[in-house]
Amino acid sequence: MKMKELDTPSLVIDREIMMDNIRRMQSYADKYNVHLRPHTKTHKMPALAKLQVDAGANGITVAKVGEAEVMAENGLSDIFVANQIVGEVKLNRIKKLAETIDISFGVDSIEQCKMIENVFSDSQKPAQVLIEIEVGENRSGVIEESDYIRLVDYIKSSSHVNLKGIFSHDGHTYKAKDLEDCRRLYNEAQKRTLHFAQLAKEQGCKLETVSIGSTPPLLHDFGVMEGITELRVGTYILMDVAQGNAIGSYSSCAASVLTTVISKPTNERVITDVGAKGLTMQTRIEGICATKGTGYIKNSDQVHIDQLFDEHAIIYNEGFRNQVAIGEKLEVIPNHICPVCNLYDYAYLVSGDEVVEEIPILGRGKLQ
């Protein structure tokens with residue numbers, strides 16, 4: 001089948017571009033002698049996770065227990081859940097997974113660790129946890145050194161919780177003003193993470209893993225500081241408009257949404273058949289990843305989607321309107337690929353204009 005023969009909207013992935021992205025990030029990790037643990041919440045596809053592991057990744061990252069279960073069911077055996085897992089239901093699912101695979105997950109409070117200690121009290125293996133360090137994104141993670149030291153000491157005293165390492169996410173680099181600002185934020189995040197690793201060492205804990213990562217800094221060779229053991233990065237495999245803006249090119253964008261022109265009701269308006277249910281409304285409003293509109297028309301002269309309804313994409317561009325015909329199929333590069341993958345049952349791997357594989361997105365909807 002030719003790509004343009006697919007019904008729309010469809011999520012398509014250029015195989016060659018994707019494989020180049022996989023190899024490039026693995027080479028980056030190898031250059032600095034650190035592990036690569038790709039974050040598979042980007043694509044939610046075990047088939048792509050296996051390609052990343054085959055290329056040299058030492059394991060994978062997921063965001064939710066449900067994603068971990070899907071990946072484990074499909075042969076992935078070393079999984080980190082980069083999130084705080086709270087509550088008996090989810091912790092019991094983690095405990096079940098730990099019977100057959102290597103699984104670890106994030107913590108940032110003593111209250112959470114008390115729950116873990118209770119749930120794992122009858123387990124033959126202790127829970128493997130990494131403490132999250134807040135490094136500037138203003139999300140989850142330990143902020144105060146005193147809280148961190150108390151948490152480390154609590155885990156040390158626990159019988160059923162083992163401190164495997166620490167991790168951080170420098171997601172605020174997406175808002176960096178320019179590349180030098182991105183480098184500065186990235187380096188500050190590394191230094192802060194390493195500082196907390198040293199604090200753990202002073203408390204008598206030797207950490208196996210010191211993990212960092214977000215895509216924007218790792219698209220540039222800003223280096224990796226000594227003491228970092230792992231890069232945890234996701235969007236690089238498929239890329240999107242935001243990441244393309246960070247490097248000044250969309251040539252590494254492997255994923256797009258195929259959509260059909262269904263109406264041209266005015267002299268400047270074009271309507272296609274993908275709306276908010278198939279293309280995220282998310283935008284990035286500042287910094288090197290700032291986006292325009294809600295999706296970029298691939299290979300166009302800066303044509304963006306101006307508005308999304310549930311099932312309609314609206315473009316206001318008279319010149320573009322005169323170039324396209326009703327029934328013509330276009331490719332849209334999403335602003336943010338991660339939520340888009342979660343909207344489709346399948347992705348279509350293409351080589352040139354040929355569809356070479358239909359890949360089930362088995363992690364779709366695994367939000368628990």
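The values are calculated or read from the model by the stated rules, or taken from the named source; none is laboratory data. Model, not experiment: these values are computed from the prediction. Cβ placement follows ideal geometry from the backbone for every residue including glycine, while neighbour counts extend to all protein chains displayed. For the accessible areas, the whole protein counts, side chains as well, though only heavy atoms, and no ligand, DNA or RNA atoms are used. Shrake-Rupley method; radii C 1.70, N 1.55, O 1.52, S 1.80 Å.
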Original post:
Checking Asp54 against (1) charged (D, E, K, R); (2) within 30 Å of Glu357 (Cα to Cα); (3) in contact (Cβ under 8 Å) with a residue 24 or more places away in the chain, which test does it fail?
Top reply: (3)
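Name the one entry in Leu185, Leu151, Leu199, Leu194 that is under 22 Å from the mean Cα position of the chain (by Cα), assigned to a helix (DSSP H, G or I) and of a type in the set (A, V, I, L, M, F, W, C).
Among Leu185, Leu151, Leu199, Leu194, only Leu185 is under 22 Å from the mean Cα position of the chain (by Cα), assigned to a helix (DSSP H, G or I) and of a type in the set (A, V, I, L, M, F, W, C).
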Original post:
Looking at (1) under 30 Å from Ala49 (Cβ atoms); (2) surrounded by fewer than 19 Cβ atoms within 10 Å (Cβ to Cβ); (3) not hydroxyl-bearing (Ser, Thr, Tyr), can you tell me which one Phe309 breaks?
Top reply: (1)
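Here are Leu91, Leu76, Leu97: which of them is in contact with a strand residue (DSSP E or B) (Cβ under 9 Å, 6 or more places away or on another chain) and within 22 Å of Gln26 (Cβ to Cβ)? Outline the logic, then answer.
On the way: Leu91 fails: within 22 Å of Gln26 (Cβ to Cβ); Leu97 fails: within 22 Å of Gln26 (Cβ to Cβ).
Answer to the selection: Leu76.
Just to check your reading of the model, which residue among Asp301, Asp273 is over 25 Å from the mean Cα position of the chain (by Cα), more than 23 Å from Lys44 (Cα to Cα) and open to solvent by less than 40 Å² (accessible area, probe 1.4 Å)? So that I can check it myself, show each step before the final result.
On the way: Asp301 fails: open to solvent by less than 40 Å² (accessible area, probe 1.4 Å).
Only one candidate passes the filter, namely Asp273.
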Original post:
In this structure, does Thr280 turn out to be among the polar types (S, T, N, Q), out of contact with any Lys or Arg (no Cβ under 7 Å at 6 or more places or on another chain), modelled with pLDDT under 95 and closer than 24 Å to Ile361 by Cα?
Top reply: yes
Original post:
Hey, any hits in segment 48-65 for a residue that's open to solvent by less than 60 Å² (accessible area, probe 1.4 Å), closer than 20 Å to Asp345 by Cα and in contact with a Phe, Trp or Tyr (Cβ under 9 Å, 6 or more places away or on another chain)?
Top reply: yes
**OP:** Output yes when any residue across segment 121-128 is surrounded by fewer than 23 Cβ atoms within 10 Å (Cβ to Cβ), in contact with a His (Cβ under 6 Å, 6 or more places away or on another chain), in a helix (DSSP H, G or I) and modelled with pLDDT of 95 or more, and no when none is.
**Re:** yes
